[in-house]
Every structure is written in C-alpha cells, then in structure tokens.
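The values are calculated or read from the model by the stated rules, or taken from the named source; none is laboratory data. Computed from a prediction, not measured in an experiment: that's the story for all the values here. Virtual Cβ from ideal backbone geometry, glycine too; neighbours counted across all protein chains shown. To get the accessible areas, we keep the full protein, side chains included, count just its heavy atoms, and leave off ligands, DNA and RNA. Shrake-Rupley method; radii C 1.70, N 1.55, O 1.52, S 1.80 Å.
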Amino acid sequence: MPGQFEPLPGGGAAVALDDVEISIIRSLAVQLLELIGPGPGEDASDDPLAELFADGPSEPPADPVLRRLFPDAYSDPEATPQAEAAAEQKAYSAEFRRYTENDLRAGKRENALVVIRSLDALSPVDEGGAVLKLSGEESKQWLNALNDLRLAIGSRLDITDEEDTDLLYRLPDEDPRKPMVMAYLWLGGLQETLVSTLLP
C-alpha cells in the first residue's frame, strides 16, 4: 500500500503516507485554497436564495493557473475563429462563467478542505506517517482535488501536452523546476491509483 491507493472492503480507499508526503499534500492543498480565494464574506447576504442567484465574474481570471482551473466554456484553443465567431464565443463564455464560476470555486474549495481535514485527522503510527482511509465520497473529493493540484502545477510548469511531460522526466537534478516536477509526477501516480479504486 505505500505510495498507492488500494480499495477498502465496502467502498473507499486507503493509502500509507509518511510524514513528508502528508506535509507536501497538505501544503499544496492550502496553497490551492489560497489561490482559489475565500468563499462569501461577512458582507454576503443572509438570504440563501439571493446568494444562490448571485452573479459571478464574467471575465477570465488573470492568473494563468486560475484560467486553467476555470477555463472558458466556449473556446477551442486549436481553432482560430473569425472575428465575429470569436466575439460570440467570448460573449457565451462570459455568460456561462457569470452563472457557474462561484459554484465551481465553492466545489474546488470544499474538495481542498476535505483533503486538509482528512490529513489533519490522521493518527500517526510508530514509524512515522499514517494510513489514510477515505470513504467513497471522500475518495471522489480527493480525486478532484488531486486533479486540481496537478492542473495548477502543470500550468506553472507550462505543461500543455504529453510531450511536455516526457521532457520533464529528463530534467537534470540541478534544474530549479525539479521539485515541482517530482510533485507533479507523484501526484499523478496517486491520482491514477485512486481512480483504479473507484472503478467497478
């Protein structure tokens, strides 16, 4: 079980993590929370219905990582549309973003919080580290959070396709990106084994 998720009887997953791994995942999840930003503040309405229909932003985020986490809904990065079609796509994307981004941010925030809370609740074992046990629902939230973490790191590393990942494997140890690359690849392995526990 060390380093990979395994299915639990009756659903859910478990993985053995050492203290360093726990610290890395927790730190990355906290950074993700900070990047996504806080939820509704004290100035939010007490009316839950008003909050439900509150408009979100209509412009894409300036930060490239946030643009990767909250991409435009109506754009094709491979295509170069005519000016009229591009303006139409932009208008559709702005409208879609206005009505969905707040909920998407809340979901990503909740997934990151589940990661942090489950790590904080671990009981250490004698050799250091602990065994993390997740319910079926927590497994899905962890999977989403791991995906968001990899998207964020991949964006910082300018990974856009599989060839970029292949190049990262060959980075020399002295390259300053190496620790981030190692985290990206390690999280990918965790994500892959967690997916396998969710398959029927």
Using 0.36 nm per residue, how much length does the chain from R26 to E6 gain when fully extended, once their Cα-Cα distance is taken away? 5.2 nm
From Cα coordinates alone, what are the radius of gyration and Dmax values for the stretch 96-152 in angstrom? 14.1, 51
Compute the FRET efficiency between M182 and R98 as 1/(1 + (r/R0)^6), taking r as their Cβ-Cβ distance and R0 = 35 Å, and round to the nearest 0.05. 0.35
Report the FRET efficiency, 1/(1 + (r/R0)^6), for L151 and D18, where r is their Cβ-Cβ distance and R0 is 25 Å, rounded to 0.05. 0.50
Give me D for the stretch 106-184 in µm² s⁻¹, whole number, from Stokes-Einstein with Rh from the Kirkwood sum over alpha-carbon pairs, 20 °C and 1.002 mPa s. 146
Evaluate the distance, in nm, between pseudo-label points positioned 7 Å from the Cα of V125 and of D164 along their respective Cα→Cβ axes. 3.7
Is there a quick way to get the dipole size of the stretch 101-181? I mean about its Cα centre, with the Cβ of Lys and Arg at +1 and of Asp and Glu at -1; what is the value in debye to the nearest 20? 360
What is the percent carbon and sulfur in the accessible area of the stretch 113-200, measuring with a 1.4 Å probe over the protein chains and ignoring ligands? 53
Could I have the simple spin-label model distance between E174 and D72, label points 7 Å from Cα toward Cβ, reported in nm to one decimal? 4.2
Under 4 °C and 1.567 mPa s, how fast does the stretch 158-200 diffuse according to Stokes-Einstein, given a Kirkwood radius computed over C-alpha pairs? Answer in µm²/s, whole number. 112
